[in-house]
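Here is the structure we will look at, set down as structure tokens.
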Amino acid sequence: QCAPRSHLLSALLLLRCVIVGNKMATSASATLSKAVKQQYMELSQGDKVQAMYIWIDGTGEGLRCKTRTLDFEPKSIEDLPEWNFDGSSTYQCEGSNSDMYLIPAAMFRDPFRKDPNKLVLCEVLKYNRKPAETNLRLTCSKVMTMVEDQHPWFGMEQEYTILGTDGHPFGWPSNGFPGPQGPYYCGVGADKAYGRDIVEAHYRACLYAGVDICGTNAEVMPAQWEFQVGPCEGINMGDHLWVARFILHRVCEDFGVVASFDPKPITGNWNGAGCHTNFSTKEMREEGGLKAIEDSIEKLGKRHSYHIRSYDPKGGLDNARRLTGHHETSNINEFSAGVANRGASIRIPRNVGQEKKGYFEDRRPSANCDPYSVTEALIRTCLLNEEGDEPTDY
Ligand code: ADP
Ligand code: MN
Ligand code: MN
Ligand code: MN
């Protein structure tokens, strides 16, 4: 009696799967003809230069940008004019006092509009010229200047997940999951590497721009990838990573997909996304540097909660979803360190343990961390010998 009805239901369900499954979750602008656009991009721009100013918005994660024409080619950051924007539209201030200042901080070649055009990473100041709440670059650069003579180097491993505009991981079946983790990390082949076009385009664009990108790999979860930036000295780490993130968002926009830095995009038996931060000083890199590495790790062990607070934009709440003690992470409530241990807070790479010099890796920062906050915290604890829960005022 019920059979015909249930057959009809299954048929309808199947039809829905076919329709939804074939519809690419992409953006409207990605479907515009790139060939037609190219015709305009080939026009001469005369003696003008386009400078795209980039800044971090009030979420501490989002990036914003706008462009102005310059009638000269800037050769250094000093040549670039200050600018402003409406902070009430970027979660950065009230409408009544909404002009915020953009202060050029680092300049790169523009891989989208190409030479002589520029990408200009900016600091944001409020109407009273004090740093905006999410401008963490100012204190970071102050601290970096204090330890200049120790030549601190950083390398950050940025993990991210490619999503459709519907928030579903790119390439995943629309009504289910891909096969379990195992074949995807550093994988090759259409059934293992989801979205390599994005990775290749981003890598080349970073090289063109002058970002110190040093590698990429496919990650453990399908549609999850990593790129590494570094080694960068001092404040350059934050500058280069933020611009690399901007370029990734911009590349994804062209392809009609979205890059997510959420530290745990899919709950359950799927790896999260971190931003492992590798750190060394001149002393650590020289003969017998392991001693200095061990000293730093001891200091870090006494300041775990301060670091957890500095390692994601929500003071640890984002990382609480990721640092479970499973999936190659440590537990958020415990500090641990070890040679070649990927389940520890701090890992000493095996070759560093053998050569007794080099660097160490802090595995705690979340994929959506602010690199200015992470690198500043490392300097304060390891080199400025700060203790306790609060940063010192200098
Ligand atoms: P992992 O084995 O953890 O996946 P990766 O190869 O992905 O390591 O990343 C290594 C990172 O370490 C890179 O960002 C690189 O720039 C950085 N790095 C290498 N040497 C140093 C150093 N001496 N000091 C700081 N960072 C370094
Ligand atoms: Mn890595
Ligand atoms: Mn990784
Ligand atoms: Mn790592």
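The values are calculated or read from the model by the stated rules, or taken from the named source; none is laboratory data. All of these numbers come straight from a predicted model, not from anything done at the bench. So basically every Cβ, Gly included, is an ideal-geometry build from the backbone, and we count neighbours across all protein chains shown.
Of the residues I308, I293, which single one is buried (at least 19 other Cβ atoms within 10 Å of the Cβ), over 16 Å from the mean Cα position of the chain (by Cα) and within 15 Å of ligand 1 (Cβ to nearest atom)?
Just one listed residue meets the conditions, I293.
Regarding F261, is this residue touching a Gly at 6+ places or on another chain (Cβ under 9 Å) and among the hydrophobic types (A, V, I, L, M, F, W, C)?
For F261, the condition - touching a Gly at 6+ places or on another chain (Cβ under 9 Å) and among the hydrophobic types (A, V, I, L, M, F, W, C) - is not met.
Mind checking which residues of segment 101-130 are farther than 21 Å from D212 by Cα and at pLDDT 95 or above?
Within segment 101-130, Y101, L102, I103, V124, L125 qualify.
State yes or no: is D197 farther than 19 Å from E61 by Cα and within 12 Å of ligand 1 (Cβ to nearest atom)?
So D197 does not fit the description; no.
Please verify whether segment 45-63 includes one or more residues that are closer than 12 Å to L102 by Cα, of a type in the set (D, E) and modelled with pLDDT of 95 or more.
Within segment 45-63, one or more residues are closer than 12 Å to L102 by Cα, of a type in the set (D, E) and modelled with pLDDT of 95 or more.
When only residues in segment 254-290 that are within 16 Å of ligand 4 (Cβ to nearest atom) and of a type in the set (S, T, Y) count, which is nearest to the chain's Cα centre (by Cα)?
My answer is T277.
I'd like the residue in segment 322-338 that is farther than 20 Å from E226 by Cβ and small (G, A, S) and, out of all such residues, is surrounded by the most Cβ atoms within 10 Å (Cβ to Cβ).
The residue in question is A337.
Name the residues in segment 198-234 that are within 16 Å of ligand 3 (Cβ to nearest atom) and within 30 Å of K282 (Cα to Cα), would you?
Y203, I213, C214, G215, T216, N217, E226, F227, Q228, V229, G230
Check whether at least one residue in segment 254-269 is farther than 28 Å from D191 by Cα and either of a type outside the set (D, E, K, R) or buried (at least 19 other Cβ atoms within 10 Å of the Cβ) (or both), and report yes or no.
no
Okay, residues lined up against (1) more than 16 Å from ligand 2 (Cβ to nearest atom); (2) in contact with a Phe, Trp or Tyr (Cβ under 7 Å, 6 or more places away or on another chain); (3) among the small types (G, A, S); (4) within 17 Å of R303 (Cα to Cα):
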{"residue": "A337", "(1), (2), (3), (4)": "yes, no, yes, yes"}
{"residue": "N341", "(1), (2), (3), (4)": "no, no, no, no"}
{"residue": "I346", "(1), (2), (3), (4)": "no, yes, no, yes"}
{"residue": "K357", "(1), (2), (3), (4)": "yes, no, no, no"}
{"residue": "E376", "(1), (2), (3), (4)": "yes, no, no, yes"}
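Residues K75, K142: which one is closer than 30 Å to L207 by Cβ and either at pLDDT 95 or above or touching an Asp or Glu at 6+ places or on another chain (Cβ under 8 Å) (or both)?
Within the list K75, K142, the selection yields K75.
Pairs, please: C-beta under 7 Å, at least 6 apart or cross-chain, first residue among the β-branched types (V, I, T) and in segment 271-293, second within 16 Å of ligand 2 (Cβ to nearest atom)?
These pairs meet every condition: T277/F154; T277/M156; T277/D362; T277/P365; T277/V374; I293/I348; I293/F360.
Give me the pairs, please: first residue somewhere in segment 141-156 and of a type in the set (V, I, T), second residue anywhere and away from ligand 3 (no atom under 16 Å from the Cβ) and part of a helix (DSSP H, G or I), beta-carbon distance under 9 Å, and either six or more positions apart or on two chains.
Close Cβ pairs (under 9 Å, with a partner that is away from ligand 3 (no atom under 16 Å from the Cβ) and part of a helix (DSSP H, G or I)) amount to V143/T375; V143/E376; V143/I379; V143/R380; V143/L383; V147/I379; V147/L383.
Of N175, N217, which residue is surrounded by fewer than 22 Cβ atoms within 10 Å (Cβ to Cβ), within 17 Å of the chain's Cα centre (by Cα) and of a type in the set (S, T, N, Q)?
None of the other options fit; the residue is N217.
Determine the pairs where a residue that is under 15 Å from G274 (Cβ atoms), located within segment 214-236, has a partner that is surrounded by 22 or more Cβ atoms within 10 Å (Cβ to Cβ) and among the β-branched types (V, I, T) with Cβ atoms under 6 Å apart, the partner being 6 or more residues away or on another chain.
From residues that are under 15 Å from G274 (Cβ atoms), the pairs are Q224/T161; F227/I213; V229/I213.
Going by what's in this entry, would N341 be described as touching a Gly at 6+ places or on another chain (Cβ under 9 Å), surrounded by fewer than 19 Cβ atoms within 10 Å (Cβ to Cβ) and free of Cβ contacts under 8 Å to residues at least 12 places away in the same chain?
So N341 fails the test.
Identify, please: which residue in segment 241-253 is surrounded by 23 or more Cβ atoms within 10 Å (Cβ to Cβ) and over 10 Å from the mean Cα position of the chain (by Cα) and is, among those, nearest to M52 (Cα to Cα)?
Checked segment 241-253; the qualifying residue nearest to M52 (Cα to Cα) is I247.
Within segment 159-211, how many residues are part of a helix (DSSP H, G or I) and under 21 Å from P263 (Cα atoms)?
Going through segment 159-211 one residue at a time, the tally reaches 4.
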